[in-house]
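Contents: one structure, followed by commentary.
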Amino acid sequence: MAADRAVSIIGAGPAGCAAALAALAEGASVTLYEKSRFPRHKVCGEFLSPEIAGVLDALGLWPSFSAARPARLSRVVLHIGKRRKRFSLPQPAYSLSRYALDDLLLREAVARGADLKIAVAKSGAGPSAEPPIVAHGRQTPTRRGKRLFGFKAHFRGEAGDAVEMFFFRGCYVGLSAVEGGVVNVCGVAPEELLRQSGFRPESLFHGELSARIARLEPVFDWLITGPLVFRDSFREHRGAYLAGDAVGFIDPFTGSGILAALMTGKMAGQAAARSIPLEQYATMCRRMLSRQYSIASTLRSLLGAGLAESLATLVPGPWLYRLTRPSF
Ligand SMILES: Cc1cc2nc3c(=O)[nH]c(=O)nc-3n(C[C@H](O)[C@H](O)[C@H](O)COP(=O)(O)OP(=O)(O)OC[C@H]3O[C@@H](n4cnc5c(N)ncnc54)[C@H](O)[C@@H]3O)c2cc1C
């Protein structure tokens, strides 16, 4: 046990909280820096890969997660042009709003002894001389050229047990149930198109997607985030244990970012509490994530080249799904 270790963590999203819980379980003391007050909504598809159950269980979070009554999703429907591609998930997935999920993770971390400081932390900041855990989410460097932005809103209405993804004009939009009879509509679109729409994503929708949205009742207005830059930092540790989106940001259509955040967060918490060398930890991350990153980046290039329809015809859905999960 690492009773004398002081672990500082920047960011209390899924990665930071998983790190805090894992380090506390190792007997370390934990200081958690978070710049925002929770609960808060966050742009996210809120799809939780089925494998999340094992990670939550290992962190002792399963009872509080189940008590939040996440929706269960068992099917995927891809709408690409006039085509529909349907497949069942290997096991049912979960769907819980970030409002509820992030709040429950943080509450558990604090209840188990994490010292929460609401503050903007600088990398390297913290009470200890040990390398911190950096879990501050994705970086959004300003970059010129074609940029992608994410958007999300919640609605009331029916969504069933499928995640539906609509692909059109370089955009994609996912629609699925979360807890409490609420439907999440979340997507990614080129900045240029969003700007032309006055940042009203619904004006880009058409056909079946428009008809579906028209039947739903808005709960809150669109939240927008960006630019989204897909990248990985497997080769650099920057003097810290990087976890979650700070290790790398994968294209959200994979629906695997939160799973990876919890997995790398848990691993970072244990590594920091046990003083595992940073290089060794970075190698562990690379082994866990590099395959899914390469596949996601290939798929993104195919989508960008307008080859999504051919891809949907050729590649079996369950195969595509499996390859975009982290390696356990
Ligand atoms: C459009 C979109 C849709 C997505 N859909 C899905 C999906 O359906 N399923 C899925 O699994 N993933 C999805 N993702 C990805 C998912 O949101 C991320 O992978 C996940 O949030 C990563 O968790 P994290 O803890 O690393 O980072 P975050 O959740 O971003 O948490 C980082 C925390 O750090 C805090 N912070 C940042 N800087 C500082 C600082 N200097 N000091 C103190 N605090 C700081 C922030 O306030 C934040 O609370 C989506 C992402 C986008 C953009």
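The values are calculated or read from the model by the stated rules, or taken from the named source; none is laboratory data. Here the structure is a predicted model, which is why all the values come from computation and not from measurement. For neighbour counting, all protein chains shown are included, and Cβ atoms are generated from backbone atoms with ideal geometry for every residue, glycine included. Each accessible area value is taken on the protein alone, full model and side chains, heavy atoms only, with ligands, DNA and RNA left out. Shrake-Rupley method; radii C 1.70, N 1.55, O 1.52, S 1.80 Å.
Can you bin region 161-262 into rounded, prolate or oblate? Criterion: square roots of the alpha carbon gyration tensor eigenvalues sorted a ≥ b ≥ c, rounded for a/c under 1.5, prolate for a/b above b/c, oblate for the rest.
Because a/c hits 1.5 or more and a/b exceeds b/c, region 161-262 counts as prolate.
Got a sec to turn the phi values of region 159-166 into Karplus ³J(HN,Hα) couplings, 6.51 cos²θ - 1.76 cosθ + 1.60 with θ = phi - 60°, whole Hz, x for Gly and Pro?
With the stated coefficients, region 159-166 comes to 9, x, 10, 10, 8, 10, 10, 10 Hz.
Could you look at region 101-250 and say what percent of its accessible area is carbon and sulfur, using a 1.4 Å probe and all protein chains?
51 percent
Report, in degrees rounded to the nearest 10, the 0 to 90 angle that the Cα long axis of helix 98-111 makes with the longest principal axis of the chain.
Around 10 degrees separate the two axes.
Treat every Asp and Glu Cβ in the chain as -1 and every Lys and Arg Cβ as +1, leave all other atoms uncharged, and give the resulting dipole magnitude about the Cα centre to the nearest 20 debye.
780 debye
Considering only the other residues whose Cβ falls under 13 Å of the Cβ of Ile250, what net charge follows from Lys and Arg at +1 and Asp and Glu at -1?
Values: positive: Arg138, Arg231, Arg291, Arg300, Arg325; negative: Asp232, Asp245, Asp251.
Result for the neighbourhood of Ile250: +2.
Counting helices only, and only those DSSP H runs with n ≥ 4, report the 222 nm mean residue ellipticity of the chain as the sum of -39,500 (n - 2.57) divided by its residues, in deg cm²/dmol to the nearest 500.
-10500 deg cm²/dmol
Among Asp115, Asp57, Asp161, which one shows the highest mean-square fluctuation when the chain is modelled as a Gaussian network with alpha-carbon springs under 10 Å?
Asp57
For the chain, with the dipole built from +1 on Lys and Arg beta-carbon atoms and -1 on Asp and Glu ones, taken about the Cα centre, which of His206, Gly160, Ala119 lies farthest toward the positive end?
His206
Where only protein heavy atoms count, and the probe is 1.4 Å, what is the accessible area per residue for the chain in Å²?
44 Å²
How far, in nm, would the chain grow between Phe199 and Ala305 when pulled straight, counting 0.36 nm per residue and subtracting the alpha carbon separation?
That pair, Phe199 and Ala305, stretches by 35.7 nm at full extension.
Run the quick spin-label model on Val315 and Glu217: label points 7 Å from Cα toward the beta carbon, then report their separation in nm to one decimal.
Spacing of the two 7 Å Cα→Cβ label points: 4.0 nm.
In whole angstrom, how long is each semi-axis of the equivalent ellipsoid of the chain, when you take the square root of 5 times every eigenvalue of its Cα gyration tensor and sort them from largest down? Working shown, then result.
On the way: eigenvalues 219, 85, 72 Å².
Taking √(5λ) for each Cα gyration eigenvalue gives 33, 21, 19 Å.
Going by a ≥ b ≥ c, the root eigenvalues of the Cα gyration tensor, does region 3-73 fall in the rounded group (a/c under 1.5), the prolate group (a/b larger than b/c) or the oblate group? Numbers along the way, then the final one.
On the way: a/c = 2.57, a/b = 1.42, b/c = 1.81.
Since a/c reaches 1.5 but b/c is at least a/b, the shape of region 3-73 is classed as oblate.
Hey, what angle do you get for helix 257-273 against the long axis of the chain, alpha-carbon based, 0 to 90 degrees rounded to 10?
The helix 257-273 is inclined about 10 degrees to the chain.
Kindly provide the GluC sites (Glu not before Pro) of region 189-266 that DSSP labels as loop, not H, G, I, E or B, and whose Cβ sees at most 14 other Cβ atoms within 10 Å.
Within region 189-266, the qualifying GluC sites (Glu not before Pro) (loop, at most 14 other Cβ atoms within 10 Å) are Glu236.
With a ≥ b ≥ c taken as the square roots of the eigenvalues of the C-alpha gyration tensor of region 14-55, please select rounded if a/c is under 1.5 and otherwise prolate if a/b is larger than b/c or oblate if it is not?
Taking the square roots of the gyration eigenvalues as a ≥ b ≥ c, region 14-55 is oblate.
So for region 270-311, Kirkwood radius off the Cα pairs, Stokes-Einstein at 20 °C and 1.002 mPa s: how many µm² s⁻¹?
173 µm²/s
Strictly over 24 Å apart at the Cα level, which of Lys35/Lys266; Lys117/Lys266; Lys42/Lys117; Lys122/Lys266; Lys42/Lys266; Lys85/Lys266 would you flag in this model?
In this structure, Lys85/Lys266 exceed 24 Å between Cα atoms.
To the nearest 10 degrees, how steep is helix 14-25 against the longest Cα principal axis of the chain, on a 0 to 90 scale?
Its long axis makes an angle of about 30 degrees.
With no solvent and one equal point scatterer placed on each C-alpha of region 170-328, evaluate the Debye formula and give log10 I(q)/I(0) for q = 0.09, 0.18 Å⁻¹, two decimals.
Here the Debye-derived log intensity ratios amount to -0.39, -1.19.
Residues with amide H under 5 Å of Leu116's amide H, sequence separation 5 or more or different chain, H placed in the peptide plane at 1.01 Å from N; which?
Here the answer is Leu32, since their amide H atoms fall under 5 Å of that of Leu116.
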